[in-house]
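What follows is one structure encoded as structure tokens, with my remarks underneath.
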There are 2 protein chains.
Amino acid sequence: MTVGIVTVERKVLEKNDALAAQNREAFRRSKLFVVNLVSSPGSGKTSLVERTLDHLRGRLSVAVIEGDVQTDLDAQRVAKFGVPVVQIVTNGGCHLDAKLVQDAAQNLPLDGVKVLIIENVGNLVCPANYDLGEDVKVVVASTTEGDDKPLKYPAMFRNASVLIINKTDLVPYVNCNLAELKANALKINPSLTIIETSCTTGTGIAEWCGWMENKAKGISQKSEEATNP
Amino acid sequence: MTVGIVTVERKVLEKNDALAAQNREAFRRSKLFVVNLVSSPGSGKTSLVERTLDHLRGRLSVAVIEGDVQTDLDAQRVAKFGVPVVQIVTNGGCHLDAKLVQDAAQNLPLDGVKVLIIENVGNLVCPANYDLGEDVKVVVASTTEGDDKPLKYPAMFRNASVLIINKTDLVPYVNCNLAELKANALKINPSLTIIETSCTTGTGIAEWCGWMENKAKGISQKSEEATNP
């Protein structure tokens with residue numbers, strides 16, 4: 001790539017970061033905890049969202065933004081849970097950006113919502129660089145992808161706060177050493193919180209939802225302290 | 001994105017296409033059949049390359065270019081088979097491009113080699129748009145990724161000549177309807193050749209290698225006819 005193109009890329013990222021800061025400020029005003037869910041295609045992000053919505057029903061109000069290159073299949077799956085959901089179709093684009101999320105959020109009824117889950121395009125590379133204004137990036141790695149992915153795609157694991165190791169029910173059938181996968185992830189990012197899940201059996205869903213509930217509670221308390229110091 | 005940026009992107013692609021045409025011409029002169037292997041991370045591309053090299057040992061001479069965002073883990077795996085291999089590390093880049101492949105090919109001893117396999121970065125979006133000068137794109141989809149990926153990532157399936165459905169041994173344990181996966185793929189690209197494989201059990205490897213041997217033979221014959229018309 002020539003210097004000129006790198007400069008344009010930097011400008012795109014700078015513009016994105018400015019919009020992400022606006023989103024973050026708006027999310028804070030709405031007392032929302034915002035999760036940016038990233039992974040390879042087919043790691044089970046949408047199944048995780050379904051399990052999460054099922055587990056949190058009546059306990060915590062969640063809204064969802066779905067991102068895909070094409071189709072609204074995921075939004076259709078999520079809508080069955082009766083939560084606010086918007087589908088972003090990037091039409092070839094390889095990641096969500098702050099502008100797309102800003103537009104989508106304006107179409108979501110967020111009154112009373114405590115958690116916003118943004119399911120990014122399935123891509124372990126490009127979404128790592130695009131801040132959407134989220135509180136945390138949560139990366140989902142499926143055991144079927146093997147144990148070397150944190151080393152091969154380090155930016156995503158470096159920028160995430162939580163690693164969800166999904167499809168743990170398939171470990172007996174695939175070539176994935178769980179201890180090795182965790183060690184590789186912690187080598188890239190020693191402060192990662194790691195949660196093991198199976199969306200087929202339900203293992204780990206309570207732990208993951210508990211983690212999110214705690215974070216959402218923290219944001220509510222913080223904003224109350226700000227109002228009544 | 002602004003018009004300015006789209007223009008830069010178009011220029012990048014035009015420049016890439018020109019280099020890809022040079023690569024294609026050079027590959028033709030070397031009577032090479034060239035495969036661009038694309039997929040999500042963890043679908044089993046490298047395992048497929050290993051199985052292929054094992055099956056074709058002593059029958060067909062193969063060289064490999066490995067592409068990854070970071071690490072030379074895959075080139076190390078491939079080198080054990082004693083074939084010429086070069087690792088491209090994109091250092092954050094989300095796809096291989098024609099220039100990277102041109103540079104890599106110049107470092108490969110290609111004398112007597114009949115097939116060049118280029119294993120792209122694991123990414124179901126961006127590599128779809130970058131011609132490397134290959135004869136065919138072969139997309140690998142793992143059954144663990146579910147059956148809806150052709151609809152969600154259509155460009156990759158539209159631009160491929162062959163779909164390898166890998167990890168068929170896991171079908172009993174995952175939520176993937178094989179008939180549905182094939183129907184979705186053919187809806188996007190009716191001329192796809194579909195081959196089912198399991199790199200764990202070896203199912204389908206002979207079929208896949210046979211397909212490749214036929215293509216390589218076709219290229220040798222064509223260039224002989226050109227020499228002795």
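The values are calculated or read from the model by the stated rules, or taken from the named source; none is laboratory data. All of these numbers come straight from a predicted model, not from anything done at the bench. Cβ coordinates were reconstructed from backbone atoms using ideal geometry, including for glycine residues, and neighbour counts include every protein chain displayed.
Evaluate the following for A:D169: is it over 22 Å from A:I117 (Cβ atoms) and not in a helix (DSSP H, G or I)?
Details: over 22 Å from A:I117 (Cβ atoms): yes; not in a helix (DSSP H, G or I): no.
Against the criterion (over 22 Å from A:I117 (Cβ atoms) and not in a helix (DSSP H, G or I)), A:D169 does not qualify.
Look at the range A:178-210 and say how many of its residues are free of Cβ contacts under 8 Å to residues at least 60 places away in the same chain and assigned to a helix (DSSP H, G or I).
Count: 13.
Confirm whether A:V78 is of a type in the set (A, V, I, L, M, F, W, C), buried (at least 18 other Cβ atoms within 10 Å of the Cβ), without any contact (Cβ under 8 Å) to a residue 60 or more places away in the chain and more than 9 Å from chain B (Cβ to nearest Cβ).
Spelling it out, A:V78 is indeed of a type in the set (A, V, I, L, M, F, W, C), buried (at least 18 other Cβ atoms within 10 Å of the Cβ), without any contact (Cβ under 8 Å) to a residue 60 or more places away in the chain and more than 9 Å from chain B (Cβ to nearest Cβ).
Rundown of residues vs (1) touching a residue at least 60 places away in the same chain (Cβ under 8 Å); (2) within 12 Å of chain A (Cβ to nearest Cβ); (3) of a type in the set (F, W, Y), yes/no style:
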residue	(1), (2), (3)
B:V12	no, yes, no
B:N16	yes, yes, no
B:V49	yes, no, no
B:V64	no, no, no
B:Q87	no, yes, no
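I'd like to verify a number: residues in the range A:98-115 that are closer than 19 Å to A:D17 by Cβ and within 16 Å of the chain's Cα centre (by Cα), how many?
Step one: filter the range A:98-115 for residues closer than 19 Å to A:D17 by Cβ, giving A:98-105.
Next cut, within 16 Å of the chain's Cα centre (by Cα) only: A:98, A:100-102, A:104-105.
Residues in the range A:98-115 being closer than 19 Å to A:D17 by Cβ and within 16 Å of the chain's Cα centre (by Cα): 6 in total.
Could you tell me whether the range A:106-128 includes any residue that is at the interface with chain B (Cβ under 9 Å from one of its Cβ atoms), buried (at least 21 other Cβ atoms within 10 Å of the Cβ) and of a type in the set (S, T, N, Q)?
To start, the set of residues in the range A:106-128 that are at the interface with chain B (Cβ under 9 Å from one of its Cβ atoms) comprises A:121-126, A:128.
Filter again for buried (at least 21 other Cβ atoms within 10 Å of the Cβ), leaving A:121-126, A:128.
In the following step, the residues that additionally are of a type in the set (S, T, N, Q) were identified as A:123.
Yes, the conditions are met somewhere in the range A:106-128.
Out of B:T193, B:T200, B:T168, report the one residue that is closer than 29 Å to A:P150 by Cα and touching a strand residue (DSSP E or B) at 6+ places or on another chain (Cβ under 9 Å). Before you say what the answer is, go through the steps one by one.
Working: B:T193 fails: closer than 29 Å to A:P150 by Cα; B:T200 fails: touching a strand residue (DSSP E or B) at 6+ places or on another chain (Cβ under 9 Å).
The unique qualifying residue is B:T168.
With the checklist (1) out of contact with any Leu (no Cβ under 8 Å at 6 or more places or on another chain); (2) surrounded by fewer than 18 Cβ atoms within 10 Å (Cβ to Cβ); (3) over 30 Å from A:S220 (Cα atoms) in hand, flag the one item A:V171 doesn't pass.
The one condition A:V171 does not meet is (1).
Identify, please: which residue in the range B:146-162 is touching a residue at least 60 places away in the same chain (Cβ under 8 Å) and either in a helix (DSSP H, G or I) or facing chain A (nearest Cβ under 7 Å) (or both) and is, among those, surrounded by the most Cβ atoms within 10 Å (Cβ to Cβ)?
B:M156
Can you tell me which residue within the range A:129-143, out of those that are in contact (Cβ under 8 Å) with a residue 60 or more places away in the chain and of a type in the set (S, T, N, Q), is nearest to the other protein chains (Cβ to nearest Cβ)? Even if it seems obvious, please write down each step before you answer.
Initial filter on the range A:129-143 (in contact (Cβ under 8 Å) with a residue 60 or more places away in the chain): A:129-142.
The next check asks that each one be of a type in the set (S, T, N, Q); those that pass are A:129, A:142.
Details: A:N129: 8, A:S142: 7 Å.
Once the filter is applied, the top-ranked residue is A:S142.
Suppose we filter A:Y153, A:Y130 for residues that are closer than 13 Å to A:S43 by Cβ and of a type in the set (F, W, Y); which single one remains? If you could, list the steps in order and put the result at the bottom.
Working: A:Y130 fails: closer than 13 Å to A:S43 by Cβ.
Being closer than 13 Å to A:S43 by Cβ and of a type in the set (F, W, Y) holds for just one of A:Y153, A:Y130, which is A:Y153.
Return the only residue of A:A206, A:A226, A:A183 being at pLDDT 95 or above and farther than 30 Å from B:D74 by Cβ. Before you say what the answer is, go through the steps one by one.
Numbers: A:A226 fails: at pLDDT 95 or above; A:A183 fails: farther than 30 Å from B:D74 by Cβ.
A:A206 is the lone residue from the list that is at pLDDT 95 or above and farther than 30 Å from B:D74 by Cβ.
Looking at the range B:211-229, which of its residues are among the basic types (K, R) and in contact (Cβ under 8 Å) with a residue 60 or more places away in the chain?
We begin by selecting, within the range B:211-229, every residue among the basic types (K, R); these are B:215, B:217, B:222.
Of everything in the range B:211-229, just one residue is among the basic types (K, R) and in contact (Cβ under 8 Å) with a residue 60 or more places away in the chain, namely B:K215.
Go through (1) away from chain A (no Cβ under 14 Å); (2) free of Cβ contacts under 8 Å to residues at least 24 places away in the same chain and name the single condition B:D72 misses.
Among (1) away from chain A (no Cβ under 14 Å); (2) free of Cβ contacts under 8 Å to residues at least 24 places away in the same chain, the lone unmet condition for B:D72 is (1).
So which of A:V83, A:V38, A:V34, A:V49 ends up being crowded, with 16+ Cβ neighbours inside 10 Å, within 20 Å of A:D111 (Cβ to Cβ) and within 15 Å of the chain's Cα centre (by Cα)? Walk me through it before giving the result.
Values: A:V83 fails: within 15 Å of the chain's Cα centre (by Cα); A:V38 fails: within 20 Å of A:D111 (Cβ to Cβ); A:V49 fails: within 20 Å of A:D111 (Cβ to Cβ).
Testing whether each residue is crowded, with 16+ Cβ neighbours inside 10 Å, within 20 Å of A:D111 (Cβ to Cβ) and within 15 Å of the chain's Cα centre (by Cα) leaves just A:V34.
Hey, can you tell me all the residues within the range B:129-145 that are surrounded by fewer than 24 Cβ atoms within 10 Å (Cβ to Cβ) and in a helix (DSSP H, G or I)?
The answer is B:N129, and nothing else.
Anything in the range A:174-203 that is crowded, with 17+ Cβ neighbours inside 10 Å, out of contact with any helix residue (DSSP H, G or I) (no Cβ under 7 Å at 6 or more places or on another chain) and not charged (D, E, K, R)? List them, or say none.
Within the range A:174-203, A:L181 is the sole residue that qualifies.
Restricting the search to the range B:54-73, which residues are touching a helix residue (DSSP H, G or I) at 6+ places or on another chain (Cβ under 7 Å) and buried (at least 22 other Cβ atoms within 10 Å of the Cβ)?
Answer for the range B:54-73, where residues must be touching a helix residue (DSSP H, G or I) at 6+ places or on another chain (Cβ under 7 Å) and buried (at least 22 other Cβ atoms within 10 Å of the Cβ): B:V62, B:V64, B:I65, B:E66, B:D68, B:V69.
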